[in-house]
1. Hey, among the residues in the range 115-128 that are in contact with a strand residue (DSSP E or B) (Cβ under 8 Å, 6 or more places away or on another chain) and over 26 Å from residue 83 (Cα atoms), which one's surrounded by the most Cβ atoms within 10 Å (Cβ to Cβ)?
2. Is it the case that residue 77 is within 29 Å of residue 106 (Cβ to Cβ) and at pLDDT below 95?
3. Among the residues of the range 135-152, which ones are surrounded by 12 or more Cβ atoms within 10 Å (Cβ to Cβ) and part of a loop (DSSP other than H, G, I, E, B)?
4. Any idea which of 1, 24 is more than 30 Å from residue 128 (Cβ to Cβ) and assigned to a loop (DSSP other than H, G, I, E, B)?
5. Just to check your reading of the model, which residue among 48, 91, 68 is out of contact with any strand residue (DSSP E or B) (no Cβ under 7 Å at 6 or more places or on another chain), crowded, with 17+ Cβ neighbours inside 10 Å, free of Cβ contacts under 8 Å to residues at least 60 places away in the same chain and under 30 Å from residue 124 (Cα atoms)?
6. On the given criteria, is residue 110 in contact (Cβ under 8 Å) with a residue 60 or more places away in the chain, crowded, with 16+ Cβ neighbours inside 10 Å, assigned to a loop (DSSP other than H, G, I, E, B) and touching a strand residue (DSSP E or B) at 6+ places or on another chain (Cβ under 8 Å)?
7. Just one of the numbered conditions (1) under 24 Å from residue 144 (Cα atoms); (2) in a helix (DSSP H, G or I); (3) touching a residue at least 12 places away in the same chain (Cβ under 8 Å) is not true of residue 42; which one?
8. Please go through (1) in contact with a helix residue (DSSP H, G or I) (Cβ under 6 Å, 6 or more places away or on another chain); (2) more than 30 Å from residue 135 (Cβ to Cβ); (3) modelled with pLDDT under 95 for residue 56 and return the number of the only condition it doesn't satisfy.
C-alpha cells in the first residue's frame, strides 16, 4: 500500500510534530507527494455541486479528491482517508472508496438550502446565501440521505 498526498495538504500542516512526521515519512518514501491532473478538478467540482458540498470545500479538499481520481484513472486502487465529511460525501458521490478514521460518515447526503424564517427551500446551492423571498440567511439542511459503508 502506498500513501500519497498533495503538496497543498502538506502546506496545511501547522504544528511542528505533524510537520516533522510528514518530513520523516517523505524522506523514507513511506508517503509520496503528487499533484493531480488539473483537468479532473472539474469533475470533482461537479460532484460536489451535485451533493451541495462545493461551497464548503477548500481548494485543498478538491485537490485531494482530484489526486484520488487521477490515481484511479491510472488503474490504481485508491482509498481516500479523511475525517472531513464534505470530502467523504463527495468521494461517495464519485464512487471512490473512502475510510473515515472517526467513523462519523454514516450517510451520503444531498444538501439543500432552507430559509429558517419563511421556509423557502432551494435544492440547488449557490453562492447567494440570502433567501430570495425574505432576505434571511438560508441554512444548509439535508434533502436526501443514503446509508454508506466506508472501506475499513
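1. Looking at the filtered set, the residue picked out is 115.
2. Judged against the criteria, residue 77 is a match.
3. 136, 138, 148, 150, 151
4. On the way: 24 fails: assigned to a loop (DSSP other than H, G, I, E, B).
Answer to the check: 1.
5. Working: 91 fails: out of contact with any strand residue (DSSP E or B) (no Cβ under 7 Å at 6 or more places or on another chain); 68 fails: out of contact with any strand residue (DSSP E or B) (no Cβ under 7 Å at 6 or more places or on another chain).
Among 48, 91, 68, only 48 is out of contact with any strand residue (DSSP E or B) (no Cβ under 7 Å at 6 or more places or on another chain), crowded, with 17+ Cβ neighbours inside 10 Å, free of Cβ contacts under 8 Å to residues at least 60 places away in the same chain and under 30 Å from residue 124 (Cα atoms).
6. Numbers: in contact (Cβ under 8 Å) with a residue 60 or more places away in the chain: yes; crowded, with 16+ Cβ neighbours inside 10 Å: yes; assigned to a loop (DSSP other than H, G, I, E, B): no; touching a strand residue (DSSP E or B) at 6+ places or on another chain (Cβ under 8 Å): yes.
Criteria not met by residue 110.
7. In the conditions (1) under 24 Å from residue 144 (Cα atoms); (2) in a helix (DSSP H, G or I); (3) touching a residue at least 12 places away in the same chain (Cβ under 8 Å), residue 42 misses (3) alone.
8. That leaves (2) as the condition not met.
The values are calculated or read from the model by the stated rules, or taken from the named source; none is laboratory data. In this text, all values refer to a predicted model and were calculated from it rather than measured experimentally. Note: ideal-geometry Cβ built from the backbone for every residue, glycine included; neighbour counts use all protein chains shown.
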